Amino acid sequence: MKHKPQLGFWQIWNLCFGFFGIQFGFALQNANVSRIFQILGAPIEEIPILWVAAPVTGLLIQPVIGYMSDRTWHRQGRRRPYILYGAIAATLALLVMPNSPELWIAAGMLWVLDASLNIALAPSIALVSDMLSDEQRSAGFSMQSFFIGVSAVVASALPWILNNWLDIANTAPQGQVPPSVTYAFYIGAAILMLSLLWSSYRTREYSPAQMAAFQRWRNEQQADPGEQHYPGFTRWGMIFLGAGTLASILISAIGLDAKLFTLSFGIALFGLLQLAAGALQNSGRTDNALYHITRDIVLMPRTMRQLAIVQCLSWFALFSMWIYTTAAVTAHHYHSTDPTSVAYNKGADWVGVLFAAYNGFAALAALAIPLLVRKTNRKITHMINLCLGASGLISFLFIRDPHWLLLAMVGVGFAWASILALPLAILTSALPPAKMGAYAGIYNFFIVIPQILASSILALVVSKLFGGQPIYALVCAGAFMVLAAIATLFVDDSCNA
């Protein structure tokens, strides 16, 4: 068997079903952890610092786990052991998190939860690529988007559902997490574990011999280039180390956002890793994770470099939306900036409905995207969806009736579904199969870096350029999606499906 067989609908369904549980864990985390921190006594100005662990953990964990899963073969499979270990650890963290007696324990549980979810995520993405042919990857990652969209809607609304439908209390004595949130985490733990178990045991991985045959069949231009000497480790290592160190000093001296310091520290750390990789290469000790991951970053395929620009622009727009929609809608549509007012809280509640709506539209869009791909191609489809998302975000400025914002969220939903699916489909078609896990982890850089930038510099931009009016942050987000759509045209998708 030279090429991968076509999988049926239910085989792809089973393959991707685990993403429902992974996203359930992330959605519960995103919607409720800040609330838990505040309940346990964290001042609001310290919450961003407590959250720094999440992106940094993903930045470090995913490439390492992906690299390890590329080189693993166990009787349970190649990716499946890591998926199951991550599922077990994440389940335990979800059970402990709402019962944390102290703030430092809750902060530690956030670290464990995010690390565990990332341990399951990178091999899950690689598994979809392992199992599907180039022609089916758009459909596979669209199915992933469908599960992510549905899961986000349910998980985000779960505490509200438990309170309003089942009359479970959403308040508690000081220092205790409300029962509605606690039970939501318990339900999430069960869903996460069961969905990943189902996906793992309903999918039989290809053997190493089969994967080797598939790799030989792939076009020579997609093959692993091997262990060629790379002379730039030391030079670029010194540049990154110097730039990151200088930026860290300046950020500390000026007193800018702590997340910018994290990013500059990461740049310096990457410089150190390149210097270490150069030393390992010069000594001939190249059979280790540090050397291979660093080398894979600096020698990533051209398509991945092109997609890095698209994804950084897209995710910067998404994080801008997530950060500023509540402030924008309450001020621009409900005309209140007072968090204690009826108008403000009515607007904030409506934002929750809007977010649930775009995730629901994304689930529907995930079903339509493969059809549009067959009519056009992956690049054109992604460009169209990003333009729809840009139109939706920019329209917030012009729509006055907040109920019509649901129409804007249709475009955002299509963009969200496409961002989750099509860049991965394009990327995995251009990667050597032997490095699919490692590159799936490195791909997370293009999500984390714009997250740090958006949460660090947007406040300065809104304050200095737009007079503190948060609605223009959404306009900026739309502009970044337009730039991402333009950048998509320059991506090499020679394995177009």
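The values are calculated or read from the model by the stated rules, or taken from the named source; none is laboratory data. Being a predicted model, the structure only gives us computed values, none of them experimental. So basically every Cβ, Gly included, is an ideal-geometry build from the backbone, and we count neighbours across all protein chains shown.
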Quick one: would you say ILE249 is more than 30 Å from GLY284 (Cα to Cα) and at pLDDT 85 or above? yes
Somewhere in region 313-334, is a residue in contact with a Gly (Cβ under 8 Å, 6 or more places away or on another chain), closer than 26 Å to PRO423 by Cβ and assigned by TED's automatic domain parsing to the domain that holds PHE480? yes
Of the listed residues (ALA289, ALA308, ALA277), the one being of a type in the set (A, V, I, L, M, F, W, C) and exposed (fewer than 15 other Cβ atoms within 10 Å of the Cβ) is ALA289
Just wondering, is there one or more residues in region 163-171 that are free of Cβ contacts under 8 Å to residues at least 40 places away in the same chain, of a type in the set (Gly, Ala, Ser) and either in a loop (DSSP other than H, G, I, E, B) or not assigned by TED's automatic domain parsing to the domain that holds VAL351 (or both)? yes
Filter region 282-335 down to the residues that are of a type in the set (Lys, Arg) and at pLDDT 90 or above and list them by number. ARG302, ARG305
Here are TYR324, TYR358, TYR334: which of them is under 27 Å from SER395 (Cα atoms) and not in a helix (DSSP H, G or I)? TYR334
Out of region 172-185, which residues are part of a loop (DSSP other than H, G, I, E, B) and crowded, with 22+ Cβ neighbours inside 10 Å? PRO178
Determine if region 222-230 includes at least one residue that is among the aliphatic types (A, V, I, L, M), at pLDDT 90 or above, surrounded by fewer than 15 Cβ atoms within 10 Å (Cβ to Cβ) and outside the structural domain of PHE414 (by TED's automatic domain parsing). no
Residues in region 419-441: is at least one touching a helix residue (DSSP H, G or I) at 6+ places or on another chain (Cβ under 9 Å), more than 30 Å from ALA209 (Cα to Cα) and among the aromatic types (Phe, Trp, Tyr)? no
Of GLN306, GLN311, which residue is within 20 Å of SER142 (Cα to Cα) and either assigned to a helix (DSSP H, G or I) or polar (S, T, N, Q) (or both)? GLN311
Matching residues in region 17-44 - criterion: being in contact with a Ser or Thr (Cβ under 7 Å, 6 or more places away or on another chain) and either more than 20 Å from PRO101 (Cβ to Cβ) or surrounded by fewer than 17 Cβ atoms within 10 Å (Cβ to Cβ) (or both): PHE17, GLY18, PHE19, PHE20, GLY21, ILE22, GLN23, PHE24, ALA27, ALA31
Which ones in region 56-77 are closer than 18 Å to PHE445 by Cβ and touching a Pro at 6+ places or on another chain (Cβ under 6 Å)? SER69
With the first residue restricted to region 85-108 and required to be more than 17 Å from ALA31 (Cα to Cα), and the second required to be in a loop (DSSP other than H, G, I, E, B), Cβ contacts under 6 Å at 6 or more apart or on different chains are LEU103/LEU40; LEU103/GLY41; LEU103/ALA42
So, in region 124-152, exactly how many residues are part of a helix (DSSP H, G or I) and in contact with a Gly (Cβ under 6 Å, 6 or more places away or on another chain)? 3
Any residue that is of a type outside the set (Ser, Thr, Tyr), outside any helix (DSSP H, G or I) and under 20 Å from the mean Cα position of the chain (by Cα) - is there at least one of those in region 293-302? yes
Which is free of Cβ contacts under 8 Å to residues at least 60 places away in the same chain, in contact with a Gly (Cβ under 6 Å, 6 or more places away or on another chain) and either small (Gly, Ala, Ser) or not assigned by TED's automatic domain parsing to the domain that holds TYR439 (or both), of LEU275, LEU250, LEU269? LEU275
Just to be sure, is LEU94 touching a Gly at 6+ places or on another chain (Cβ under 6 Å), at pLDDT 90 or above and either surrounded by 22 or more Cβ atoms within 10 Å (Cβ to Cβ) or more than 26 Å from GLY352 (Cβ to Cβ) (or both)? yes
Subset of region 1-47, residues in contact with a helix residue (DSSP H, G or I) (Cβ under 6 Å, 6 or more places away or on another chain), modelled with pLDDT of 85 or more and farther than 30 Å from THR182 by Cα, comes to ILE12
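Here are GLY389, GLY411: which of them is within 19 Å of the chain's Cα centre (by Cα) and in the same structural domain as TRP322 (by TED's automatic domain parsing)?
GLY389
Does THR340 meet the test of being of a type in the set (S, T, N, Q) and without any contact (Cβ under 8 Å) to a residue 24 or more places away in the chain?
When the stated conditions are applied, THR340 passes them.
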All positions within region 327-364 that are buried (at least 19 other Cβ atoms within 10 Å of the Cβ), more than 23 Å from ALA139 (Cα to Cα) and hydroxyl-bearing (Ser, Thr, Tyr): THR330, TYR334, TYR344
Where residues in region 124-171 are modelled with pLDDT of 90 or more and of a type in the set (Phe, Trp, Tyr), which of them is surrounded by the fewest Cβ atoms within 10 Å (Cβ to Cβ)? TRP165
Against the condition at pLDDT below 90, of a type in the set (Gly, Ala, Ser), closer than 30 Å to ASP134 by Cβ and not assigned by TED's automatic domain parsing to the domain that holds HIS292, how does ALA497 come out, does it pass? yes
